[in-house]
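Everything below concerns the one structure shown next.
Quick note: the coordinates plus some simple rules give every number you see, no bench work behind them. Predicted model, so just to flag it, every value in this text is computed and none were measured. Cβ coordinates were reconstructed from backbone atoms using ideal geometry, including for glycine residues, and neighbour counts include every protein chain displayed.
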């Protein structure tokens, strides 16, 4: 009846506003009574003064508005709640970082163990490879070392007896022998050549 969903209630609301406006003009000279529940007793008619309503867009004069008082009253509680939420988020992030650090430490330990096993295996394998080349005829060893990786060939030659290594280098192609000799000389230096 007073404002249905179809929009037909605007007319009665406007009529009520016009009625109240004319009633207010008619009662402008009469005394104003406070009717707020729990309010103090109404002052005498001579003590009341009429105050003009502030224009739109201006702040009310006198005390702070209710909104400003409300915001100032809850500012500390809101700040405390925001800090509590941030602290909880930081604790969660710290827990995530700690879990990742533990996983990283476990992987690091696993990798170090694997690396030690690999180094032991390579040392054994290299020793056995050196023994194999030491037992070969110099011309056959020279032929095989010319085919493998130059750094590996140089490492094998460095571990061989110098007499055996010199005979193998003598049997090699000049270019391959020069390359291996350069690598062995660089490895024998005490300082990094680069």
- [ ] Using a Förster distance of 45 angstrom, determine the FRET efficiency expected from the C-beta separation of residue 147 and residue 105, and round it to 0.05.
- [x] 0.55
Task: Alpha carbon centroid spacing (whole Å) that separates region 91-127 from region 67-87 - done: 47
